[in-house]
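To start, the structure under review is shown below, and the notes come after it.
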Amino acid sequence: MRRPQGVEASGRADGPDNATVAHTAGLWREGDDAPQTIQRALAVETAIGLSYDSRPYVVVMGSPLDIEDLAVGFTVTERVAAFADIARVTVSRTDEGVVVDILLSSTASRAMSLQRRRTLEARSSCGLCGVESLQQAIRPMAPVGPGPTVTRTAIQTALAALEASQALGARTRATHAAAWADASGTLRLVREDVGRHNALDKLVGASLRAGLDPRDAFVIVTSRCSYEMVEKTAAAGVALLVAISAPTDLAIRQAEAAGMTLVALARGDGHCVFTGAGRITGP
């Protein structure tokens with residue numbers, strides 16, 4: 001799969017250290033004889049402005065790492081353009097935040113003018129801030145492909161591995177994660193962000209830049225499963241989504257419409273299969 005010019009697939013340019021800050025505060029703990037001063041790492045949340053062909057599109061609030069992954073993933077999961085239509089991603093850092101310009105092919109740039117617009121910043125907790133109409137918010141779901149068949153053991157294996165793979169989350173306890181797993185349950189990629197949508201977009205962008213095949217993978221998210229998480233996963237071509245928390249009713253309906261397998265309430269002691277049980281095997 002062709003990578004966009006100017007977008008590298010190797011590694012993570014920004015490590016967790018660039019997204020946290022040590023903050024010292026005096027805290028009173030129950031049972032202590034006196035206040036204890038501790039040092040705690042906080043997750044940085046900053047404004048990230050996404051522009052297409054130098055035209056501002058949306059500002060999202062997120063963690064300032066893996067920005068190129070975020071730009072590529074957002075473009076694809078929000079159906080702005082296909083991965084093949086991304087020519088270059090340019091990232092600039094300012095005192096106010098991060099500015100990202102995505103250069104599109106001429107065909108994609110023309111088509112973009114007909115798509116849904118954003119008029120507000122998107123908070124780290126929101127995937128649809130600034131969308132102007134109900135018709136734009138809930139769009140028809142395209143069917144996903146057959147996807148992998150995985151065992152229940154593979155899902156639990158991936159969940160256990162993800163717990164130990166959240167470097168930023170372990171330091172701050174303030175972020176979400178999204179993971180890309182193969183059919184055996186081996187994690188191939190993990191991305192983190194203060195926003196659950198951003199974490200998923202970063203994961204999708206990283207998978208595209210690395211040339212991973214969505215037909216052989218499933219995705220795990222450490223957040224509640226609202227319908228836009230289903231839509232983003234389907235837009236990436238992944239047929240199986242695993243969420244640690246519960247889904248909404250619309251998430252279930254959208255998964256059914258796309259022919260996806262939706263697994264939720266996934267914890268160390270088991271998980272629930274809400275749709276597409278045929279892709280899950282085992283006792």
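None of the figures in this text is laboratory data; all of them are computed from the coordinates on show. What you see is a predicted model; the values in this text were computed from it and never measured. Here the Cβ is made from the backbone with ideal geometry for all residues, glycine too, and neighbour counts use every protein chain on show.
Please compute the modelled spin-label separation between THR37 and THR107, points set 7 Å along Cα→Cβ, answer in nm with one decimal.
My value for the distance between the label points is 6.3 nm.
Determine the sum of side-chain charges near PRO146: Lys and Arg each +1, Asp and Glu each -1, restricted to other residues whose C-beta is under 14 angstrom from that of PRO146.
Spelling it out: positives minus negatives among the neighbours equals 0.
So if each residue of separation counts as 0.36 nm, and I subtract the Cα-Cα distance between ALA174 and SER54, what length gain in nm does that give?
Result for the pair: 40.0 nm of gain on full extension.
Between ALA160 and ASP249, what length in nm is gained on full extension when 0.36 nm per residue of separation is reduced by their alpha carbon distance? Walk me through the numbers on the way to the answer.
On the way: separation 89, 0.36 × 89 = 32.04 nm, distance 2.67 nm.
Extra length from ALA160 to ASP249 when fully extended: 29.4 nm.
Sorted by average packing, counted as other Cβ atoms within 10 angstrom per residue and highest first, what order do 83-96, 66-79 take? Each step should come with its number before you reach the end.
Details: 83-96: 15.1, 66-79: 25.4.
The most tightly packed comes first, giving 66-79, 83-96.
Given a Förster distance of 41 angstrom, what is the FRET efficiency for CYS272 paired with ASP95, based on the Cβ-Cβ distance and rounded to 0.05?
0.35
Restricting things to Cα coordinates, could you compute the convex hull volume per residue of segment 192-254 in Å³?
Expressed per residue, the convex hull around the Cα atoms of segment 192-254 is 70 Å³.
Once fully extended, how much extra length lies between ARG224 and ALA142, figured as 0.36 nm per residue of separation less the alpha-carbon to alpha-carbon distance?
Full extension of this stretch gives 27.3 nm more.
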